[in-house]
Amino acid sequence: MRIALVAAQASPLALGRPGAGGRHTHVAALARALGRLGHEVRVYVRREDPKPGDQVEYAPNVTVEHIAAGPDAPLPPDDQLPLMGDFGRALAARWGGADTGPDVVHAHYWLSGLAALTATADVRRPVVVTYHGLAAAERRHLPVDRNGGPGPRAGLERTLGSLADRVVAQSEDEVTELGRMGVRRAGTVIVPSGVDTETFTPSGPAADHRRPGLRRILSVGPLVERKGFGDLVESLRRVPGAELVVVGGPDPARPPRDLDRDPEARRLLQLADKVGVADRVRIIGAVTQEELAGWYRSADVLACAPWYEPFGLTPLEAMACGVPVVAYEVGGIGESVIDNVTGVLVPPRDVKALAGALRALLGDEVRRMSFASAAIDRVRSRYTWERTATELERVYRTVTGAAATSEDEDDEALSEVS
Ligand code: UDP
């Protein structure tokens with residue numbers, strides 16, 4: 001199948017750079033996994049750097065194509081709405097008529113979804129969309145000044161949901177959110193993201209020696225307040241004998257910036273000072289996926305305390321490395337982490353409960369070992385990219401009308417005979 005992944009705001013080539021996050025990881029790994037299944041995959045991204053050529057061979061059967069729309073410089077994702085018309089028209093021009101171009105278009109993030117609709121307006125091609133976060137949910141969970149404000153996003157996400165041929169939700173929680181928005185359940189399918197189980201493995205080098213006598217709590221993600229690193233710093237007061245290591249780069253909405261001058265990094269260090277844990281908090285900045293695997297392996301526990309998280313890749317990456325998770329029970333995390341089996345879930349924004357869970361788990365080696373092996377099993381059985389790509393392949397076949405497998409054809413032949 002010829003598959004177009006439209007990911008204007010999530011180039012696989014940006015993976016590991018400041019500003020890249022879960023969407024980048026997802027698109028890159030999905031493209032590689034579909035390529036391994038033998039599909040011809042093209043990932044369409046917005047040109048934000050004049051250097052790379054129009055087409056870059058990224059992996060076997062996968063090409064990244066740069067589309068010019070707006071300045072060839074990084075722009076905050078949510079400033080790109082006015083550029084999506086041009087982006088979509090440029091895609092249509094590149095694809096040409098009905099006999100050329102992709103069989104199916106899979107868009108990632110609402111803005112790329114709009115570009116995909118523009119691109120397929122004249123020459124129809126099935127459009128599948130994965131939102132990677134919904135404005136309506138963010139508005140409910142995040143304070144008014146940090147949820148992007150009213151703006152057109154929520155309305156456009158609803159329109160996108162009604163016009164796309166399929167909406168891919170990544171969790172039951174997202175299905176509920178989509179239902180609240182009025183997106184038809186029949187047009188929605190759940191396919192959770194995978195984890196790169198070749199990079200994130202239990203064995204391999206571990207990062208940086210820990211300070212003698214201290215357990216390591218790791219937390220990973222972009223340095224934005226809603227990721228809840230502040231709650232972790234506060235909780236550390238009640239978790240003696242442990243250090244908190246935060247790995248992640250500057251805010252993707254305002255990349256790239258020096259870690260020293262990053263307002264969130266400074267806020268966290270000031271908070272650590274205020275609550276008397278400054279000597280046990282370290283902020284590392286953005287690292288590559290390979291380096292990140294080493295940080296996971298070095299940890300006794302992964303702590304994940306976001307105020308809201310549509311899916312949450314970092315708990316699964318940690319689990320793939322055999323690290324138990326303590327997390328707020330929000331969004332997709334409540335489904336990927338099994339309470340008391342692969343980690344501990346606590347109510348969101350409850351710093352006391354968070355500290356209690358961390359203290360108890362860090363003090364119980366046997367429980368940690370049992371969570372670690374259950375975590376590895378869970379990832380290997382449910383969250384491989386092979387599985388995600390195969391399930392999406394089925395979705396693509398359904399929307400392109402190529403769903404009939406030889407088994408279906410046999411069934412049809414039998415019903416005609418009887
Ligand atoms: N990540 C990375 N380097 C870093 C920090 C994070 O490559 O220094 C990746 C991490 O592996 C994960 C993603 O960024 O795949 C974060 O995804 P998540 O879903 O946890 O959060 P999001 O970025 O989508 O808010």
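Values quoted throughout were computed directly from the atomic coordinates according to the rules given, and no laboratory measurement underlies them. On a predicted model such as this, the values are computed, not experimentally measured, just so you know. Cβ: placed from backbone, ideal geometry, glycine included. Neighbour counts: every protein chain shown.
Charges were assigned to the Cβ only: +1 to each Lys and Arg, -1 to each Asp and Glu. The resulting dipole of segment 71-155 about its Cα centre is roughly 260 debye. Extents of the chain, largest first, come to 69, 57, 40 Å (Cα atoms, principal axes, whole angstrom).
Extending 7 Å from the Cα toward the beta-carbon at both SER203 and ASP49 defines two label points whose distance is 3.5 nm. I want the antiparallel fraction of DSSP beta bridges within the chain, as a percent rounded to 5. Counting only bridges with both partners in the chain, antiparallel ones make up about 10 percent. Relative to the Cα centre, the charge distribution of segment 141-256, modelled as +1 at Lys and Arg Cβ and -1 at Asp and Glu Cβ, gives a dipole magnitude of about 240 debye.
Taking a straight Cα-Cα cut-off under 24 Å and skipping sequence neighbours fewer than 8 places away in the same chain, the lysines within cross-link reach of LYS227 are LYS274, LYS352. Taken over the alpha carbons of segment 137-269 as equal point scatterers, the Debye sum produces base-10 log I(q)/I(0) values at 0.09, 0.10, 0.12 Å⁻¹ of -0.44, -0.54, -0.75. Given the options ALA265, ALA353, ALA374, state which has the largest fluctuation in a GNM of the chain using a 10 Å cut-off (strictly under) for Cα springs. The residue with the greatest mean-square fluctuation here is ALA353. Among the GluC sites (Glu not before Pro) in segment 202-300, none sits in a DSSP loop with a Cβ that has at most 16 other Cβ atoms within 10 Å. Once both labels are positioned 7 Å from their Cα atoms along Cα-to-Cβ, the gap between ARG211 and ARG382 label points is 3.6 nm. The Cα-based radius of gyration and maximum Cα-Cα distance (Dmax) for segment 1-114 are 13.0, 39 Å. Applying the Karplus relation 6.51 cos²θ - 1.76 cosθ + 1.60 with θ = phi - 60° to segment 130-143 yields 3J(HN,Hα) values of 10, 7, 6, x, 10, 4, 4, 5, 4, 4, 6, 9, 10, x Hz, where x marks Gly and Pro. Between ALA278 and ASP260, the simple label model (points 7 Å from Cα in the Cβ direction) yields a spacing of 1.7 nm. When the inverse distances between all different Cα atoms of segment 270-359 are averaged and flipped, the Kirkwood radius reads 13.9 angstrom. Summarising the amide proton neighbourhood of VAL281: residues at separation of 5 or more, or on other chains, whose placed amide H is nearer than 5 Å comprise LEU244.
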